[in-house]
Amino acid sequence: VSQSRYPNFGFKERNSIVLVAAFSVFLIVLLEITNHTIISVSYKLTREANFAIYYTSMLLSIVATVMCVYYLRSVNYHVESRLIEQRTFYENIFENLPADVAVFDKHHRYIYINPKGVRDASMRKWLIGKDDFDYCERKQLDKTRAERRRNAFNRCVATLEPVELEETSTDTNGNSSYHLRSFNPILNEQGEVTIVIGYGIDITGQ
């Protein structure tokens with residue numbers, strides 16, 4: 001996806017820019033009033049000239065403030081629109097992949113799960129911030145699978161390398177299926193794990 005020509009400011013940064021701009025214009029108004037007072041005293045302008053200079057300075061300052069805020073809000077609108085477009089693009093990819101995809105924090109808590117991984121939307125929402133042990137407890141399942149996944153996850157975080165494991169599942173009809181799962185660490189510039197991407201594919205046919 002091509003980069004936007006607008007700077008990618010965060011929400012707090014954008015608000016800070018608006019506040020700084022507004023404060024800067026306020027200072028300009030203050031300086032204009034001070035300057036007007038000095039000119040008035042130095043040159044002994046008439047009452048009408050004083051009012052003309054004063055109100056002209058105020059009007060120009062207000063116009064400058066409005067233009068500045070309008071420009072910054074326009075930039076913010078384009079940035080937010082671009083971010084929404086990019087987020088929608090990537091969400092469409094992840095949510096339509098023919099594989100289970102999940103994103104974890106470094107403590108093995110779910111950050112994201114695609115519909116292939118968990119079909120029930122309410123369950124996907126509930127799992128955010130939780131782990132496989134919480135899932136097994138809620139569904140009253142054996143925690144052996146959760147323990148194997150946790151061990152593989154810990155090896156991934158410790159070695160900073162992808163770790164794979166195979167799982168076998170049996171449905172209510174007694175049919176078995178086999179899945180290959182992988183944990184892949186994502187590192188920051190300091191070489192520390194920030195998130196872990198997990199995915200699983202059905203290898204029953206193989």
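The values are calculated or read from the model by the stated rules, or taken from the named source; none is laboratory data. Here the structure is a predicted model, which means the values were calculated and not measured. All Cβ positions, glycine included, derive from the backbone under ideal geometry; neighbour counts span all protein chains shown. Remember, those area values only see protein heavy atoms, side chains included, never the ligands or the DNA or RNA. Shrake-Rupley method; radii C 1.70, N 1.55, O 1.52, S 1.80 Å.
Scanning the range 135-163 for residues that are open to solvent by less than 70 Å² (accessible area, probe 1.4 Å), assigned to a helix (DSSP H, G or I) and under 15 Å from Ser182 (Cα atoms) gives Ala146, Arg149, Arg150, Ala152, Phe153, Cys156, Val157. Pairs meeting the criteria (first residue in the range 169-186 and assigned to a strand (DSSP E or B), second residue open to solvent by 70 Å² or more (accessible area, probe 1.4 Å) and charged (D, E, K, R), beta carbons under 6 Å, at least 6 apart or on different chains) are His179/Asp202; Leu180/Glu166; Ser182/Glu164. Of all residue pairs spaced 6 or more apart or on separate chains, those with beta-carbon atoms under 9 Å, a first member in the range 49-71 that is part of a helix (DSSP H, G or I) and a second member that is modelled with pLDDT under 70 and surrounded by fewer than 12 Cβ atoms within 10 Å (Cβ to Cβ) are Ala49/Tyr43.
Residues considered: Gly205, Gly191. Of these, the only one that is part of a loop (DSSP other than H, G, I, E, B), open to solvent by 70 Å² or more (accessible area, probe 1.4 Å) and over 21 Å from Asp142 (Cα atoms) is Gly205. Quick check: anything in the range 90-107 over 21 Å from Leu180 (Cβ atoms) and either in a loop (DSSP other than H, G, I, E, B) or touching a Phe, Trp or Tyr at 6+ places or on another chain (Cβ under 8 Å) (or both)? So far as the range 90-107 goes, yes, one or more of its residues are over 21 Å from Leu180 (Cβ atoms) and either in a loop (DSSP other than H, G, I, E, B) or touching a Phe, Trp or Tyr at 6+ places or on another chain (Cβ under 8 Å) (or both).
All of (1) at pLDDT below 90; (2) surrounded by fewer than 16 Cβ atoms within 10 Å (Cβ to Cβ); (3) more than 17 Å from the chain's Cα centre (by Cα) hold for Glu91 with one exception: (3).
Looking at the structure I just gave you, is Ala158 of a type in the set (A, V, I, L, M), without any contact (Cβ under 8 Å) to a residue 24 or more places away in the chain and closer than 17 Å to Gly200 by Cα? When the stated conditions are applied, Ala158 does not pass them. Look at the range 81-98: where a residue is under 19 Å from Ile113 (Cα atoms) and a partner is aliphatic (A, V, I, L, M) and open to solvent by less than 80 Å² (accessible area, probe 1.4 Å), sitting 6+ places away or on another chain with Cβ atoms under 6 Å, you get Phe94/Val101.
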